[in-house]
Amino acid sequence: MSTNATKSPKTGARIVNGTALPNIPWEDKPAGCHQVVWRYSGNPIIGWNPVPAAARIFNSAVIPYQGGFVGIFRADEKNAKPQLYFGTSEDALKWDIRPERIKWVNEAGEAVKNGYAYDPRLLKLGDAYYINWCDDFPGPSIGMGMTRDFKTFVKLENPTFPFNRNGVLFPRQINGLYVLLSRPSDSGHTPFGDIVLSHSPDLVYWGKHRHVMSRGVESWWESTKIGAGPVPIETTEGWLLIYHGVTTTCNGFVYSMGAALLDLDDPSKVLYRTRDYILTPEADYETTGFVPNVAFPCATLADAETGRIAIYYGAADTYTAVAFARVDELIAFVKENSQV
Ligand code: BMA
């Protein structure tokens, strides 16, 4: 049992620059649940062998589209290499995933060969949709792609060279510049890692790099490394960033989730950051699978009208799962439980 008691009164925090999403998948917090984030009772929503070519779909990103939902999915194919797949859904819970991986073209419309691709993030920026993922440069680096119709997927310039992972764009320009979170790393199962950010005038050239936050010192659940999770949510209290934090045990890494509030004008400034995790592997589908003890968030759906948030996360590098939170309650928890 986690000790994430949410004793706080609500802060009145609201999502800003978002849209109403009345059809967000949702379940109220079960009676007697004392956690600030609670799991969907129908988890996992995607299980083993979801399409003939892939053994496992997890660490994936979804977004509302034309009244329904679309997703970019990390699918580990049966040679164990990850690739990106596209899917659609009416309710964001039952997914129709295309049987073949996404075929990228470059800006000249020519086919692009991909080594591997994993842990996608997806957002709308202006009138186009952007995808970031861990790309084979060769060697892990941040990949960036764009689509307007989820039919043609255009691969853009890599914002970073190796080694880097967990590239996450902010959903609007800040002071006239695009902003990208990332996590410099090594080529393997990186045993370190802090979150940094970079600025760009055009999504091609990146600079003005800033350190955002380091792995935890006092908080042992995130003592090995941290990485940005879903696209940050703009709120009245700052950018709400849900992230993953990793600890090293004698049986390997354990991936949990934390949350932070970043300054709206300068998101390299951390205003608050949870001391305790907001979700840690407890359910069978999180503690048992291809890689046990992994809860890895890559996307949220958010209803700006009601403050309801659905968090999409990969469980045990095997399943796709959903958890829920309310923005006011989560922000109250981040502030009261802050280690900053
Ligand atoms: C990280 C990434 C994630 C994965 C996690 C746990 O390094 O590869 O895709 O979920 O390890 O295996």
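When region 182-209 is filtered for residues that are on the phi > 0 side of the Ramachandran plot and away from the ligand (no atom under 11 Å from the Cβ), the ones remaining, listed by number, are LEU203, LYS208.
Restricting to strands (runs of 3 or more DSSP E) lying wholly in region 222-340: which have 3 or more residues that are within 14 Å of the ligand (Cβ to nearest atom) and of a type in the set (A, V, I, L, M, F, W, C)?
252-262, 295-303
On the stretch given as region 202-221, residues that are in a strand (DSSP E or B) and among the β-branched types (Val, Ile, Thr) total 1. Do you know which of the residues in region 134-164 that are within 16 Å of the ligand (Cβ to nearest atom) and of a type in the set (A, V, I, L, M, F, W, C) is surrounded by the most Cβ atoms within 10 Å (Cβ to Cβ)? Applying the filter and picking the extreme gives ILE142. So, in region 279-322, how many residues would count as being surrounded by fewer than 24 Cβ atoms within 10 Å (Cβ to Cβ), in contact with a Phe, Trp or Tyr (Cβ under 8 Å, 6 or more places away or on another chain) and small (Gly, Ala, Ser)? Counting residues in region 279-322 that are surrounded by fewer than 24 Cβ atoms within 10 Å (Cβ to Cβ), in contact with a Phe, Trp or Tyr (Cβ under 8 Å, 6 or more places away or on another chain) and small (Gly, Ala, Ser) gives 2.
Scanning region 49-59 for residues that are farther than 18 Å from SER89 by Cβ and more than 16 Å from the ligand (Cβ to nearest atom), we see that the one that is nearest to the chain's Cα centre (by Cα) is ASN49. Among residues of region 181-194 that are under 15 Å from GLY207 (Cα atoms), those with a Cβ under 6 angstrom from a residue that is among the polar types (S, T, N, Q) and more than 10 Å from the ligand (Cβ to nearest atom), sequence gap 6+ or separate chain, pair up as SER182/THR160; SER182/ASN164; PRO184/ASN164. Remark: pairs (first residue in region 87-115, farther than 19 Å from ASP76 by Cα; second residue of a type in the set (A, V, I, L, M, F, W, C) and surrounded by fewer than 12 Cβ atoms within 10 Å (Cβ to Cβ); Cβ separation under 9 Å; 6+ apart in sequence or on different chains) = VAL105/ALA111.
Scanning region 60-83 for residues that are within 14 Å of the ligand (Cβ to nearest atom) and of a type in the set (Gly, Ala, Ser) yields SER60, ALA61, ALA75, ALA80.
Coordinate-derived values only; no laboratory data. From a predicted model like this one, the values you see are computed outputs, not experimental measurements. When we count neighbours, we look across all protein chains shown, and the Cβ atoms used for this are built from the backbone with ideal geometry, even at glycine.
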